[in-house]
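Worksheet: the structure to be examined is printed underneath.
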C-alpha cells in the first residue's frame, strides 16, 4: 500500500492554489527547489504527473485536477485528527485593509480554511490606520495594510508587494465643465485618500468630494455608478472601471506598498499567514 507524504501533499495543494512554486515556498518558509523536489517525489510515488510546468506558468494536469480534491480532504482529515487531541483551537486575529482585500477575498478564505481547518480566524476589515492602531494595542495578532511607497516604512513592516494606484472611473465618465474634479473617497483617516489629495494639491487641481464611503465597496459602487473618479488599486476595484488619469490630464499617483505587521509565533499559524499574504500578492 502506498503511503503519502503529507508535507509533499501540502506543498502540492499550495502550488495549485498559488499557481507558483516561489509563492508556495514562501508560504512554507522553505526554498523553491525544496518544494520542487517534494512534488517530483510525490509524482514519482503516485506514478502520475500532477503539474504542467513551463517557464512562465504552472498549472494542474488532468491527473492533478483529479487528485486535488482528495488531497484537500486528506489534509483536512489530518488537521481534524490533530485537533481532536488539542485542548483548545488556535486562533488568529487578523486585520486586513479594505484597500487590499479585493473581490478575491472569499476564494482566499476558502483556501485558508482548506489549508488550516483547525485555525479560528477572526478577520477585521478596515482602514490601514485603524488596523495599525489595533495592532499596536495588541488587539490583533497581525495586520496587512496599504501605505504610500514614498513614505518611510515602520520598523516592524514586512513589504509584501507594491502596486500602482489609478484614477478609476467608468469608461464614459467626464468631469463637469467648470466644476472641480468630482471624487469618491474613503472617509478619513485613509492613506490612499491622503496620497490622492496631496497629489492633486501638488498639481494645483481643484477637487470636491461628491461621495464619501465607509468602506471600499461603497466607494467602488459609487464610482461604478458614474458619480465620480476614485483613487484605487485596479485589483480591488469593481470590474468595468478603467484608469482615466491620462485622458483627464491628472497627475500620476505614487506606487502603493502593501505591508505585513505580525507578532504570530507558532509555526503553523505563521505558515497560514504567509499563505494569505502570498494569495493577496498573486490575486
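The values are calculated or read from the model by the stated rules, or taken from the named source; none is laboratory data. As the structure is a computational prediction, the values presented were derived from the model and not from experiment. FYI the Cβ positions are ideal-geometry reconstructions off the backbone, even for glycines, and counts take in every protein chain you see.
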Residue 188 versus (1) over 21 Å from the mean Cα position of the chain (by Cα); (2) crowded, with 21+ Cβ neighbours inside 10 Å: which is the lone unmet condition?
(2)
Hey, residue 160 hits all of (1) buried (at least 18 other Cβ atoms within 10 Å of the Cβ); (2) touching a helix residue (DSSP H, G or I) at 6+ places or on another chain (Cβ under 9 Å); (3) touching a residue at least 40 places away in the same chain (Cβ under 8 Å); (4) not assigned by TED's automatic domain parsing to the domain that holds residue 92 but one; which does it fall short on?
(4)
Against the definition (touching a helix residue (DSSP H, G or I) at 6+ places or on another chain (Cβ under 8 Å), surrounded by 15 or more Cβ atoms within 10 Å (Cβ to Cβ) and over 19 Å from residue 278 (Cα atoms)), how does residue 75 come out, yes or no?
yes
Consider the range 140-157. How many of its residues are surrounded by 14 or more Cβ atoms within 10 Å (Cβ to Cβ) and either free of Cβ contacts under 8 Å to residues at least 40 places away in the same chain or under 25 Å from residue 106 (Cα atoms) (or both)?
8
Return the residue satisfying two criteria in turn: it lies in the range 194-212 and is over 22 Å from residue 172 (Cα atoms) and under 22 Å from the mean Cα position of the chain (by Cα), and of such residues it is surrounded by the most Cβ atoms within 10 Å (Cβ to Cβ).
195
On the given criteria, is residue 174 within 16 Å of residue 229 (Cα to Cα), at pLDDT 85 or above and part of a loop (DSSP other than H, G, I, E, B)?
yes
If the requirement is being at pLDDT 80 or above, in contact with a helix residue (DSSP H, G or I) (Cβ under 7 Å, 6 or more places away or on another chain) and over 21 Å from residue 275 (Cα atoms), which of these qualifies: 10, 41?
41
I'd like to know if the range 205-216 contains one or more residues that are out of contact with any helix residue (DSSP H, G or I) (no Cβ under 9 Å at 6 or more places or on another chain) and without any contact (Cβ under 8 Å) to a residue 12 or more places away in the chain.
no
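Name the strands (runs of 3 or more DSSP E) wholly within the range 180-283 that hold at least 3 residues that are within 29 Å of residue 93 (Cα to Cα)?
Those strands (runs of 3 or more DSSP E) span 255-262.
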Which of (1) farther than 17 Å from residue 262 by Cβ; (2) touching a residue at least 60 places away in the same chain (Cβ under 8 Å) does residue 105 not meet, given it meets every other one?
(2)
